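*Asks:* Just dropping this structure here.
Since every read-out is calculated from the coordinates, none of them should be taken as a lab result. This one's a predicted model, so the numbers in the text were calculated from it and none came from an experiment. Reconstructed Cβ throughout: ideal geometry from the backbone, glycine too, with neighbour counts over all protein chains shown.
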Amino acid sequence: MTAGKHGSGRSSRVRGGRAHRLAVLSRVLAAVFGGYLLTSLATALLAHLLPGPRAESVLAATMLSFALYAGIVLWVFAANSAARVWRGLGIAIGLSGAVLLLVQRGFCV
């Protein structure tokens, strides 16, 4: 890598680096907080929907939640853009929350 005639090019790398760091931070926040919220809602929903005794349904949903959370984290970092991640998480969280409320209030299942 050569410096070229306009200097080292460090300022353009710093600006690009800052944008990259913010994009990574956005994905980390999405994975940690958005992923946790979506996993929690999905786990509660699964615990209500799985057949069998209540304790076994809760246990099975909890065990599945670890794989679900890992899958969400992988998806967050594999997606094309952070905006797509946030949009996808928002839709999934909204739908999961709405269905969970319906199930808890007895409108479904």
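*Asks:* Could you give the angle, 0 to 90 degrees to the nearest 10, between helix 82-104's Cα long axis and the longest principal axis of the Cα atoms of the chain?
*Replies:* 10 degrees
*Asks:* So how strong a dipole does the chain carry about its Cα centre when Lys and Arg Cβ are +1 and Asp and Glu Cβ are -1, to the nearest 20 debye?
*Replies:* 840 debye
*Asks:* Sorting Arg21, Arg27 on the 10 Å Cβ count, fewest up front, what's the list? All intermediate terms of the calculation are to be shown ahead of the outcome.
*Replies:* On the way: Arg21 10, Arg27 20.
Least crowded to most crowded, the residues run Arg21, Arg27.
*Asks:* How high is the relative contact order of the range 29-104? Use alpha-carbon pairs under 8 Å, at least six apart in sequence, and give a whole percent.
*Replies:* 44 percent
*Asks:* Over the Cα atoms of the chain, Rg to Rh with Kirkwood Rh, two decimal places?
*Replies:* Rg/Rh for the chain comes to 1.25.
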